[in-house]
């Protein structure tokens, strides 16, 4: 399965980054995201959701000064990989800069 691996730099502590990530799902466009699943283990958020009928799974880990993002994409989403990657990056940068 294709993967997206990102490091998003920020100026926050791991705890503050996690706190902001906990509110992240509230910012997701409800008309584009459904079947959201999420669970926390320490500072790692494991998530899954559907967007445009495509199931996306992954995890986000908050550490001091960066977020580590790992996403597994189904082959059906490969043509949208760049758009998905840039969308994730944009949303997380906005979240950690606020």
(message) Given the -39500 (n - 2.57) contribution per DSSP H run of 4+ residues, what per-residue ellipticity at 222 nm results for the chain, rounded to the nearest 500 deg cm²/dmol?
(response) -8500 deg cm²/dmol
(request) Determine the distance separating the Cα centre of the stretch 56-75 from the Cα centre of the stretch 28-53; give it in Å without decimals. (result) 11
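Remind me, relative contact order of the stretch 34-98 in percent, using alpha carbon pairs under 8 angstrom and six or more residues apart? Walk me through the intermediate numbers first.
Values: 74 pairs, mean separation 12.3, N = 65.
So the answer I get is 19 percent.
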(request) Working from Cα positions, state the angle (0 to 90°, nearest 10) between the long axis of helix 81-97 and the longest principal axis of the chain. (result) 20
(request) Would you mind getting the Kirkwood hydrodynamic radius of the chain from its Cα pairs, rounded to one decimal in Å? (result) 13.6
(request) Return the distance in nm (one decimal) between the two label points of a simple spin-label model at residue 85 and residue 6, each offset 7 Å from Cα along Cα→Cβ. (result) 1.0
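Read-outs: derived from the displayed coordinates by stated rules, not from any lab. These numbers come from a predicted model, not from an experiment. Cβ: placed from backbone, ideal geometry, glycine included. Neighbour counts: every protein chain shown.
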